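Read the structure below first, then the notes.
The values are calculated or read from the model by the stated rules, or taken from the named source; none is laboratory data. On a predicted model such as this, the values are computed, not experimentally measured, just so you know. We place every Cβ from the backbone using ideal geometry, glycine too, and count neighbours over all the protein chains shown. Heavy atoms of the whole protein, side chains included, go into the accessibility calculation; ligands, DNA and RNA do not. Shrake-Rupley method; radii C 1.70, N 1.55, O 1.52, S 1.80 Å.
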Amino acid sequence: MSGHFDPTTQKALWPSTGNYCRGGAYDSYLLGCESIAVLPEGMSQERFDWLHKVGAEVFATPGSESNVKEIYDKVKELRAERGDKIVNLNQFEEIGNALWHYAVTGPAMEEVFNSVKKDQNRFSGIFLTQGSAGTLGSTDYLREKFPLMKVCAGEALQCPTLLYNGYGAHRIEGIGDKHVPWIHNIRNMDVVAGIDDEPNIQIMRLFNEPGGNEFLKKELNIKPELIKKLELMGISSIANMMGTIKLAKYFEMDENDVLFTVATDSMEMYQSRLKEETEKSGILTNHQAEVIFQRDLMGLSNDYMIEMSYYEKRRMHNLKYFTWIEQQGKTVEELDAQWYDTNYWKSQYAKVDEWDEEIMEFNERTGLLKEYAD
């Protein structure tokens, strides 16, 4: 972000396909400053209700999860109208997004692995849907610790931008796509996988509808306390789970391989989607639950995956040009530096200590530190 954010005079602008602007609006609420959320109109109603509840100014843009450009267009319009009265905190280009996960999420995963590993276990890989590429920043840290691990980035099969330079609409809310985020270090990737949104939605039903829960309990003897926890996995979390299974099958991994992913959302934001599916297809029966379990979960395979060569990575990296150079004012020189300069990403992540100091100073100016001290 260029310049500084003054929470006493400026509004924080959070462009997102839904999850990030919720977090940003909540941060603004905690800091006592005003916020603006920009997200597609096709996102779940719970997102909009929640944003209004915390007092955000909300703008709904045309389209759904895939329509990131329309978000950027609205941001450009707001910046032209309001000038210095707002500060745009764009998760897709702010290195602080990836840097946080490099400094926090990556070490947390390493800590978890060290706490659960057995003698023959190895940290074999991580799967994450691309989204803003922020969480993928954790893989830059983990690569330093586990250089042989596999890193797989996922996207909706219905919008195969990384896979096939493609586009399209889909129903996996919360993963963002149809472009490559500026902060995505494509060089650190090994594999790309497409996640089909129809099995994703069906697994959501299996995990959350009474008929699905009953099947899991009676037919598979899954403990009720585990079934209860399945509601902690929302649509994009299920996509991450699916991709992790695909990654394991692709490399024929076994019980000694430990894979990581992240549960990025819960079903709190998707009850309306469950209701829509029930109204469309009827109440889930035991037989239907078994079909979903066998076909959509156990039947996951290594289809729609690319093990990336140098030139596959280069192709995907070059897709940044069309969003960031042509539309968002980035330079070709920096785009090339991301690819050719071996120190580019290291220098970005080296800012952790400096930024921690700035965060502390920012919190002090907002009065947040004093409030907690009192």
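Any residue at all in segment 152-175 that is out of contact with any Lys or Arg (no Cβ under 6 Å at 6 or more places or on another chain) and farther than 22 Å from residue 64 by Cα? Yes, the conditions are met somewhere in segment 152-175. When we screen 302, 240 for residues that are over 19 Å from the mean Cα position of the chain (by Cα) and modelled with pLDDT of 95 or more, the only hit is 302. Give just the number: which of (1) touching a residue at least 12 places away in the same chain (Cβ under 8 Å); (2) more than 27 Å from residue 192 (Cβ to Cβ) does residue 222 not satisfy? So residue 222 meets the others, but not (1). The listed residues are 214, 155, and the only one of them that is buried (at least 21 other Cβ atoms within 10 Å of the Cβ), among the charged types (D, E, K, R) and in contact (Cβ under 8 Å) with a residue 12 or more places away in the chain turns out to be 155. List the number of the failed condition for residue 46; all other conditions in (1) at pLDDT 90 or above; (2) in contact with a Leu (Cβ under 8 Å, 6 or more places away or on another chain) hold. Every listed condition holds for residue 46 apart from (2).
Each residue in segment 23-41 was checked for being under 22 Å from residue 270 (Cα atoms) and in contact (Cβ under 8 Å) with a residue 60 or more places away in the chain, and 1 of them qualify. Only one of 7, 62, 40, 15 is modelled with pLDDT under 95, over 19 Å from the mean Cα position of the chain (by Cα) and closer than 23 Å to residue 168 by Cβ. Can you tell me which? Going through 7, 62, 40, 15 in turn, the sole match is 62. On inspection, residue 98 qualifies as part of a helix (DSSP H, G or I) and surrounded by 24 or more Cβ atoms within 10 Å (Cβ to Cβ).
The residues in segment 125-140 that are outside any loop (DSSP other than H, G, I, E, B) and open to solvent by 10 Å² or more (accessible area, probe 1.4 Å) can be counted, and the count is 2. For segment 101-117, taking the residues that are charged (D, E, K, R) and in contact (Cβ under 8 Å) with a residue 24 or more places away in the chain, the one that is most open to solvent (accessible area, probe 1.4 Å) is identified as 117. Among residues of segment 275-286 being assigned to a loop (DSSP other than H, G, I, E, B) and not hydrophobic (A, V, I, L, M, F, W, C), the one that is surrounded by the fewest Cβ atoms within 10 Å (Cβ to Cβ) is 282.
Screening segment 217-237 for residues that are within 21 Å of the chain's Cα centre (by Cα) and of a type in the set (A, V, I, L, M) and picking the one that is surrounded by the fewest Cβ atoms within 10 Å (Cβ to Cβ) gives 232.
To keep it simple, each residue is scored yes or no on (1) more than 19 Å from residue 173 (Cα to Cα); (2) among the basic types (Lys, Arg); (3) over 15 Å from the mean Cα position of the chain (by Cα).
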| residue | (1), (2), (3) |
| --- | --- |
| 76 | yes, yes, yes |
| 82 | yes, yes, yes |
| 98 | yes, no, no |
| 116 | yes, no, yes |
| 123 | yes, no, yes |
| 138 | yes, no, no |
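When residue 248 is tested against (1) within 24 Å of residue 155 (Cβ to Cβ); (2) in a loop (DSSP other than H, G, I, E, B), only condition (2) is not met. Remark: pairs (first residue in segment 138-152, of a type in the set (Asp, Glu); second residue part of a loop (DSSP other than H, G, I, E, B); Cβ separation under 8 Å; 6+ apart in sequence or on different chains) = 140/185. For segment 251-267, filtering for residues that are among the charged types (D, E, K, R) and either in a helix (DSSP H, G or I) or crowded, with 18+ Cβ neighbours inside 10 Å (or both) leaves 2. For the residues 191, 180, the requirement of being at pLDDT 95 or above, of a type in the set (A, V, I, L, M) and out of contact with any Phe, Trp or Tyr (no Cβ under 8 Å at 6 or more places or on another chain) singles out 180.
Test residue 242 against the criterion of being under 15 Å from residue 130 (Cα atoms), surrounded by 18 or more Cβ atoms within 10 Å (Cβ to Cβ), touching a Cys at 6+ places or on another chain (Cβ under 8 Å) and of a type in the set (A, V, I, L, M, F, W, C), and give yes or no. The answer is no for residue 242.
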